[in-house]
Amino acid sequence: MQQIKHRTNEARTAATRAALIGAARTLFVEKGYGETGTPEIVAAANVTRGALYHHFADKADLFRAVVTAEAAALAEAIDRATIPVAAPRKALIEGTGAYFAAMTVPGRARLLLLDGPAVLGPQTMAELDRSQGGATLRQGLGEAMRRIDPEELDALADCLSAAFDRAALAIAGGADPAPYCAAITRLIDATIRTGRP
């Protein structure tokens, strides 16, 4: 009986946390981080203010949870597209398409590329990226290139990641994705070609 009660409490806790993250995501996308107040979030999530502060230290902590969930969903989409692909170059190209497709989810580009760095800072967002989709990019580049210094590989992945992000912002703003996919493919091809012995 105690075990069932424990599972029920865990499920209720998870549901409350998910409701807060979902409501906050909607409001952050609609209004922006600065214009969204915690009273609106708890009302939209249909929970108490105490529940918010039980799960999150403050609004910034809740925003971090929203952004982390977005980054995890993005990385999962890239992994789904690239894990079955054996050839490193093909995996990088498939990952490019998956990245751009996943970044078209309404609000994702704003959360990850605009508000995320503004609220949490560029360093925090860079660390989050390196632990999620950026790790996939670095791994793919490392597999496609031989004998590259690990520090140079890190820098190269950071530079290409910035190109991906700039393209994603343009696409989110309504630009045709095809030229950006072609441009990133050219960058990848030039990069891995020069990185081979």
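Please list, ordered by first then second residue, the pairs with beta carbon atoms under 8 Å, 6 or more apart or interchain, first in the range 78-97 and touching a residue at least 12 places away in the same chain (Cβ under 8 Å), second surrounded by 15 or more Cβ atoms within 10 Å (Cβ to Cβ) and not in a helix (DSSP H, G or I).
Partner pairs satisfying both residue conditions: Ala91/Val85; Glu94/Val85.
Being open to solvent by 60 Å² or more (accessible area, probe 1.4 Å), in contact (Cβ under 8 Å) with a residue 60 or more places away in the chain, closer than 24 Å to Leu27 by Cα and out of contact with any Lys or Arg (no Cβ under 9 Å at 6 or more places or on another chain), is that true of even one residue in the range 111-133?
yes
Any residue at all in the range 143-156 that's open to solvent by less than 30 Å² (accessible area, probe 1.4 Å) and either among the acidic types (Asp, Glu) or closer than 15 Å to Arg89 by Cα (or both)? It would help to see each step written out before you state the result.
Taking the range 143-156 and keeping what is open to solvent by less than 30 Å² (accessible area, probe 1.4 Å), we get 144-145, 153.
Still in the running and either among the acidic types (Asp, Glu) or closer than 15 Å to Arg89 by Cα (or both): 144-145.
Looking through the range 143-156, at least one residue is open to solvent by less than 30 Å² (accessible area, probe 1.4 Å) and either among the acidic types (Asp, Glu) or closer than 15 Å to Arg89 by Cα (or both).
Against the conditions (1) buried (at least 20 other Cβ atoms within 10 Å of the Cβ); (2) part of a helix (DSSP H, G or I); (3) in contact (Cβ under 8 Å) with a residue 40 or more places away in the chain; (4) not β-branched (Val, Ile, Thr), where does Ala23 fall short? Just the number, please.
Against the list (1) buried (at least 20 other Cβ atoms within 10 Å of the Cβ); (2) part of a helix (DSSP H, G or I); (3) in contact (Cβ under 8 Å) with a residue 40 or more places away in the chain; (4) not β-branched (Val, Ile, Thr), Ala23 comes up short only on (3).
Please work out which residue is nearest to Glu127 (Cα to Cα), limiting yourself to the range 44-97 and to residues that are outside any helix (DSSP H, G or I) and open to solvent by less than 40 Å² (accessible area, probe 1.4 Å). Spell out how you get there, then give the answer.
Applying the first criterion (outside any helix (DSSP H, G or I)) to the range 44-97 yields 46-48, 56-58, 83-87.
Remaining after also requiring open to solvent by less than 40 Å² (accessible area, probe 1.4 Å): 47, 56, 85.
Numbers: Val47: 31, Phe56: 20, Val85: 26 Å.
The extreme case among them is Phe56.
The values are calculated or read from the model by the stated rules, or taken from the named source; none is laboratory data. Since this is a predicted model, take the numbers as computed values, not measurements. Cβ sites come from the backbone with ideal geometry, for glycine too, and all protein chains shown count toward neighbours. Please note that ligands, DNA and RNA were not included when accessible areas were found on the heavy atoms of the full protein model with its side chains. Shrake-Rupley method; radii C 1.70, N 1.55, O 1.52, S 1.80 Å.
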